[in-house]
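Asks: Take this structure first; my questions come after.
The values are calculated or read from the model by the stated rules, or taken from the named source; none is laboratory data. Treat the numbers as computed from the prediction; the structure is a model and nothing was measured. In this analysis, Cβ positions are derived from the backbone assuming ideal geometry, glycine residues included, and neighbour counts consider all displayed protein chains. Just the protein is used for accessible areas: all its heavy atoms, side chains included, with ligands, DNA and RNA removed. Shrake-Rupley method; radii C 1.70, N 1.55, O 1.52, S 1.80 Å.
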There are 2 protein chains.
Amino acid sequence: MLAGPVHYPGTYAAGCYNRLLSTVAGRSVENEDMVNLPNWLPLRYRICPADAAPGPWLSPDHPYLTEHRQTLDLRHGTLTRWSVYEDEAGRRLTVEQCRLVHMGEPHLAALRTCFASDGWTGAVEVESGIDGAVRNAGVARYRGLADQHLTGWETGAEQPDAVWLSCRTLDSDIRIALAARTRVPAGHNGVARPQLSALRAFHTLVVPLVPGSPAVVDKTVALYTSRDPAIESPRHTAVDAVALAPHFRQLRAAHRRAWENLWRQAKLEVPGESGRILRLHLFHVLQTLSPHTAELDVGVPARGLHGEAYRGHVFWDELFVLPFLNLHLPQVSRALLDYRYRRLPAACHAAREAGRTGAMYPWQSAGDGREETQQLHLNPRSGRWLPDHSRLQHHVGSAIAYNVWQYGQASGDTEFLHTRGAEMLLEIARFWSAAADWDASLGRYRIRGVVGPDEYHDGYPDAAEPGVDDNAYTNVTAAWVLMRALDLCRTLPEPHQRQLFEQLQLAPEEPERWEDVAHRLHVPYHRGVISQFAGYGELAELDWHGYRQRYGDIRRLDRILEAEGDTVNRYQASKQADVLMLGYLFAPSELASVFRRLGYPLDEETWHATVDYYLHRTSHGSTLSALVHAWVLARVHRPDAWTYCEEALTGDVADVQGGTTAEGIHLGAMAGTLDFVQRGMTGLETRDQALWLDPAPLRELSKFGVRIRYRRHWDIDLRIRAEQVRIAVPASENAAVRVNLRDRSFSLVPGTSRRLDLPGD
Amino acid sequence: MLAGPVHYPGTYAAGCYNRLLSTVAGRSVENEDMVNLPNWLPLRYRICPADAAPGPWLSPDHPYLTEHRQTLDLRHGTLTRWSVYEDEAGRRLTVEQCRLVHMGEPHLAALRTCFASDGWTGAVEVESGIDGAVRNAGVARYRGLADQHLTGWETGAEQPDAVWLSCRTLDSDIRIALAARTRVPAGHNGVARPQLSALRAFHTLVVPLVPGSPAVVDKTVALYTSRDPAIESPRHTAVDAVALAPHFRQLRAAHRRAWENLWRQAKLEVPGESGRILRLHLFHVLQTLSPHTAELDVGVPARGLHGEAYRGHVFWDELFVLPFLNLHLPQVSRALLDYRYRRLPAACHAAREAGRTGAMYPWQSAGDGREETQQLHLNPRSGRWLPDHSRLQHHVGSAIAYNVWQYGQASGDTEFLHTRGAEMLLEIARFWSAAADWDASLGRYRIRGVVGPDEYHDGYPDAAEPGVDDNAYTNVTAAWVLMRALDLCRTLPEPHQRQLFEQLQLAPEEPERWEDVAHRLHVPYHRGVISQFAGYGELAELDWHGYRQRYGDIRRLDRILEAEGDTVNRYQASKQADVLMLGYLFAPSELASVFRRLGYPLDEETWHATVDYYLHRTSHGSTLSALVHAWVLARVHRPDAWTYCEEALTGDVADVQGGTTAEGIHLGAMAGTLDFVQRGMTGLETRDQALWLDPAPLRELSKFGVRIRYRRHWDIDLRIRAEQVRIAVPASENAAVRVNLRDRSFSLVPGTSRRLDLPGD
């Protein structure tokens, strides 16, 4: 069922490209080095009848094609294409190709091609190699930008059956080398001839073919870059790697084992169509952020490693990815946090430049961690270039702090939390403290001039300066960050705390101020609901019905209004969840406690009213929005939760935004749907050295299982069946796991399980 | 006292070079890329009297020099040079220079120069910059080898006061860029003129000088390479870094804080001259393997990062370094183990090539982890090139396994031990199992054809094949590795164990064989002592007295005998500790238990006899030998332990091998002396979730203190006073520390201390 749509095979074909991209991701300066790898896939063939001249070169886009199908095997990470050609003389050639980008050996990819003749005798000639003439052409609206990012190509051939191509990226000057070995597995092929040109390195070989005896050609490719450790040179290492690589069967077997192991570590059992989509999402998350990522200096790119949209930039999508990964591949989470840690100096520099202290992480960034958000963007509707203030989304810092804390809680990696994690958390807290100005008339601290997650509102109508004040999401998460920073200070071992304070030159009065700010940040309200920001309630109401009637899809209401000479800043209209994101990040009890500390009421009624309020004022112009709404509505037990869940699930499968999927999957939304099951439906929290559960299954998703890793416990099994929870901890020498299920608390000794009834809601 | 000898300032001057070297260490193939950095230090000056032409360019090697002294401040990591010049007209110029290679900002170095005129008025002209014309000329006997490893130089200047030089390493193609900012701190100097040539980038500036008012010139240098993460390009980043770098005072203050913090984490209080030397050793260890190392892919080079001997190769010296680091900077130990982990595929490949399974780590390696040991070496005495079999020192694998295990025990980093650590440990165990051949006549497994730590014995006299059989050190450590691998298998959480076995394709019968081999490896004995290897007891006795009389220094007895047409293989003569290394690695109780498991008696009497036996048959041709002997003799309470300890302490300070120190300090021996106090004198072990103590203070070293980090406890303080031990655990939220002191066992709650009497021995 999942084979077919052009973008899936495309995605997977890009796996090797992805491997490189993950190496160079974010190395760009001014977006100049969003690199496409030299293409490792080219392999074409032609019919060479014994009694006639060779036919034309064939590939699935040739008119000789009579049948074609392709299958993506998620479990084993292979793509199989099956094609039948028939030439003018009626000779039929069946070609089956299986490709893999190795999950066990991150530098290898392989492609097996089987040829079968239907009644004719002769040979197939195969041309197989590497093409260095690649351009970035995946996103139509970027076509005016530089699309060529490689230079310095060299090609060569190595006896007996390998060719190589090396080049380097234009600006970031990273060397890339690929080597390809093409052989007939029965033995080395005597007639393989290298064909080298400036940008291409190919082999041709002629393989005899008789009916009833298919011929096989295997291509094995290795890719290394100058950023890979423990190598000689990319080129020599790539050539050695293909020379030493085992046969396709062995490669495939090891690749399957690696994938099976990954699926085991991230098992998610959901029945039906939803389960199928979730497994596809999991497949994308795992191939983008695999255990090999732990060895790389990379962040979480918004569009995965699959397409060219957003030019590989890193935004805040890790907020939707790490909470899921923490409970399966903590080493990958750790590496993604290390990526942010290495860019902490850049964030501190940005804060200083802005006249602040602490760390101001960038909204969009690439290699060196500086702010890369565009200053202008185009409204394709009006043709106008408009100022872009999205860099005022300083809440990205809270996302990083949240991940630091959650990772520490889930993994038990105190070493990280007390060193690099502490540095990030404290510097982000410091930034929020510096950003908070005391307003004597309000008797509150205020954070002004920001943009919240809802990018529609980048300022007040007719205001001279961009940004809004007292964005509830920003302020509440800032207060939470300050509280966690204070918690951390309290638990740091004393001698180390002193040293860390000294290193960060943190004066003792700073945490005192944090305490104060965390208690007195302003959160605006209007008409009994939390205001998205100060003054939101005074904005005009939009004629939602009218606009929907007039325009149909109003996801990009901002563009519609601007084209009309109006501005969305005038309206109570949000692109995506903003206030409601709070219900995504925090369990009800935790959210209530942050509000309590701030001295605000947040009873169930207020929250429900707030949810209702924004639900009717949101256009869902971001893929993440449906996810957040599903999550929040499930918690407030709303029957329409499933509608949003379905939208979140089908975001990329059905390409609901109409064309954006081909430009790159939406990794945050994909990971978020997984986490929706894992944490949203189960109410799973990891805090105070325990697992907390508070299941809220939907009618449409009432029976599911997840397998998680919690600290030293691998493969904890958690199953929900409508009114029942079962949790099993596998045998080990570890201590018992403390579990809190709503008001019940118990310990699970490794090697035991427990089944509990859930009171009906 | 420590200022003066040419090699200390040299060492420290090389600090920045070291930073690079640590980045590229081991990137060499066939030793071609042992790189010296472009020199960042050049700064010369000349007297420009108001009433006469400028004098000649001055630096401390100029004949005008009348006074000179230099001081290395270990605590703060600064080198200060004070020079007085007097020209022919009697004008005196006093120059004080303070330099630092920043311990807080790994990319920065700084040099402050203060000029004072004695009675004359005018100016000094200063020329300051970067010199790219460097060659490897530090080791006389390598001068026939390629000594130039840089290429592709570019130079430039940036307004207002910076110059830069970039180049790349010849073979490994790593880009290196340095930028230097030279300014008069009172303000930008208007007359700075860049002077650029192909290989040099300099500034000149003229600074007015009047008596009584010294002038200051500050040089700030930044260095980046293409292997640094989170940068734009090395050149741009270096230029930005010097532009943004704070003033010298601030730089120095932060540098001092970083050093003070390091000293706190690795505090070692030993009184008197020994303490001073130990602090020098600690200084070298900390600047070579600082917290910044944790971000690099580097190993422990035998000669530190200080000189060119052994061309930066990695041997087994980490065995003497990590046990010390584990208890202070576990993140650095972890990174050094990660370095080995990244080269596990190369070690497995080497084993396969040798027809074995598992991991065969190389004796000497560089960047890609392949064996780099020379095939021939020169005996300078005879002028003959001889086959070099030192690559048969497969015991390096046991050193890595030992470090994996010890790191896991000391740090509590189960995540590492159960993943990367387990992979290394199991693959090394597998190699030993494969290397062990069953000998039915002996009823024992044997490991044949190896070289032990004593490199004198690389074969039997007149044997056709190199290597010796049943080297006791090799076999006993192999048995220990197999036992620890089995322990680990037992404690791995079950689902993870299954996955790991599957990944390594470890059949269930393999651990069964390990169990068998660990019980039945052969350890030869002769005349009541453990034999260094099978047949050692039948070798001829050497006329030690005669050779000492004839040659004086017989540390390189192998060369002496070979030059005489004889071979050291014929004699019971060792270059360095071999069997006795067992007493260094294992506490008496642990060693006895390994022997017991092997079915051999190892009572105190046998061990003492063994120690005596080899003590008289060792020439101490390695700097590590004295250390091991001191350690072992201290444990057997021999009064001559101190003699060896003193030799180990003075190895580099007095350059006891006559010239080798200038070619590079002996990092393993230096770290070993620190560990001699930390673990040797205290009997400190970390196992079974507890600290074990069994102090054995020497008369000459009876009062000392160490501060260690143990798992989550920072700064545990341990003090020994002849007959008393005091241990203090600082306040934290951590659990109590379990301590076993000989036959007493107790728990120490954080925030408490305990003082105990030691029974007199």
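Asks: Suppose we filter the stretch B:444-465 for residues that are open to solvent by 30 Å² or more (accessible area, probe 1.4 Å) and either over 16 Å from B:Leu539 (Cβ atoms) or not in a loop (DSSP other than H, G, I, E, B) (or both); how many remain?
Replies: Step one: list which residues in the stretch B:444-465 are open to solvent by 30 Å² or more (accessible area, probe 1.4 Å), which gives B:444, B:446, B:448, B:455, B:458, B:460-465.
With either over 16 Å from B:Leu539 (Cβ atoms) or not in a loop (DSSP other than H, G, I, E, B) (or both) added as a condition, the list becomes B:444, B:446, B:448, B:464-465.
The number of residues fulfilling the criteria is 5.
Asks: Kindly evaluate A:Thr71 against the criterion of being open to solvent by 60 Å² or more (accessible area, probe 1.4 Å), β-branched (Val, Ile, Thr), within 27 Å of A:Leu223 (Cβ to Cβ) and in contact with a strand residue (DSSP E or B) (Cβ under 8 Å, 6 or more places away or on another chain). Give the derivation first.
Replies: On the way: open to solvent by 60 Å² or more (accessible area, probe 1.4 Å): yes; β-branched (Val, Ile, Thr): yes; within 27 Å of A:Leu223 (Cβ to Cβ): yes; in contact with a strand residue (DSSP E or B) (Cβ under 8 Å, 6 or more places away or on another chain): yes.
Against the criterion (open to solvent by 60 Å² or more (accessible area, probe 1.4 Å), β-branched (Val, Ile, Thr), within 27 Å of A:Leu223 (Cβ to Cβ) and in contact with a strand residue (DSSP E or B) (Cβ under 8 Å, 6 or more places away or on another chain)), A:Thr71 qualifies.
Asks: Please list, ordered by first then second residue, the pairs with beta carbon atoms under 7 Å, 6 or more apart or interchain, first in the stretch B:648-671 and acidic (Asp, Glu), second open to solvent by 30 Å² or more (accessible area, probe 1.4 Å) and part of a loop (DSSP other than H, G, I, E, B).
Replies: Final answer for the pair search is B:Glu663/B:Gly138.
Asks: Another question about this same structure. Are any residues in the stretch A:340-368 under 21 Å from A:Ala435 (Cβ atoms) and free of Cβ contacts under 8 Å to residues at least 60 places away in the same chain, and if so, which ones?
Replies: A:Arg343, A:Pro345, A:Ala346, A:His349, A:Ala350, A:Arg352, A:Glu353, A:Ala354, A:Gly355, A:Pro362, A:Trp363, A:Gln364
Asks: How many of the residues in the stretch A:403-423 are surrounded by fewer than 24 Cβ atoms within 10 Å (Cβ to Cβ) and either in contact with a strand residue (DSSP E or B) (Cβ under 8 Å, 6 or more places away or on another chain) or more than 14 Å from chain B (Cβ to nearest Cβ) (or both)?
Replies: Of the residues in that region, 3 qualify.
Asks: Exactly one of (1) open to solvent by 40 Å² or more (accessible area, probe 1.4 Å); (2) among the polar types (S, T, N, Q); (3) within 14 Å of another protein chain (Cβ to nearest Cβ) is unmet by A:Asn261. Its number?
Replies: With respect to (1) open to solvent by 40 Å² or more (accessible area, probe 1.4 Å); (2) among the polar types (S, T, N, Q); (3) within 14 Å of another protein chain (Cβ to nearest Cβ), A:Asn261 is out only on (1).
Asks: Mind counting the residues in the stretch B:678-707 that are within 12 Å of chain A (Cβ to nearest Cβ) and either more than 19 Å from B:Asn326 (Cα to Cα) or surrounded by fewer than 22 Cβ atoms within 10 Å (Cβ to Cβ) (or both)?
Replies: Residues flagged as within 12 Å of chain A (Cβ to nearest Cβ) and either more than 19 Å from B:Asn326 (Cα to Cα) or surrounded by fewer than 22 Cβ atoms within 10 Å (Cβ to Cβ) (or both) within the stretch B:678-707 amount to 1.
Asks: Is one or more of the residues making up the stretch B:628-645 over 27 Å from B:Ala540 (Cα atoms), without any contact (Cβ under 8 Å) to a residue 24 or more places away in the chain and either assigned by TED's automatic domain parsing to the domain that holds B:Leu72 or part of a helix (DSSP H, G or I) (or both)?
Replies: There is at least one residue in the stretch B:628-645 that is over 27 Å from B:Ala540 (Cα atoms), without any contact (Cβ under 8 Å) to a residue 24 or more places away in the chain and either assigned by TED's automatic domain parsing to the domain that holds B:Leu72 or part of a helix (DSSP H, G or I) (or both).
Asks: Is it true that A:Pro246 is assigned to a loop (DSSP other than H, G, I, E, B), within 12 Å of A:Ala110 (Cβ to Cβ) and within 14 Å of chain B (Cβ to nearest Cβ)?
Replies: yes
Asks: Which of the residues belonging to the stretch B:462-502 are within 14 Å of chain A (Cβ to nearest Cβ) and in contact (Cβ under 8 Å) with a residue 40 or more places away in the chain? Give the derivation first.
Replies: To start, the set of residues in the stretch B:462-502 that are within 14 Å of chain A (Cβ to nearest Cβ) comprises B:487-502.
Selection gives B:Leu488, B:Cys489, B:Leu492, B:Pro493, B:His496, B:Leu500.
Asks: OK, next. Of all residues in the stretch B:151-207, how many are part of a loop (DSSP other than H, G, I, E, B) and within 14 Å of another protein chain (Cβ to nearest Cβ)?
Replies: Count: 5.
Asks: Only one of (1) away from chain A (no Cβ under 14 Å); (2) open to solvent by less than 60 Å² (accessible area, probe 1.4 Å); (3) on the phi > 0 side of the Ramachandran plot fails for B:Ala215. Which number is that?
Replies: Answer for B:Ala215: the failing condition is (3).
Asks: With the structure loaded, tell me whether A:Pro524 is of a type outside the set (Val, Ile, Thr) and over 19 Å from A:Ile428 (Cβ atoms) or whether it fails that test.
Replies: When the stated conditions are applied, A:Pro524 passes them.
Asks: Filtering the stretch B:129-148 down to residues that are over 18 Å from B:Leu199 (Cα atoms) and outside any loop (DSSP other than H, G, I, E, B), which residue is most open to solvent (accessible area, probe 1.4 Å)?
Replies: Of everything passing the filter in the stretch B:129-148, B:Arg141 is most open to solvent (accessible area, probe 1.4 Å).
Asks: For the stretch A:504-519, name all the residues that are surrounded by fewer than 16 Cβ atoms within 10 Å (Cβ to Cβ) and within 14 Å of another protein chain (Cβ to nearest Cβ).
Replies: Within the stretch A:504-519, just A:Gln505 meets the criteria.
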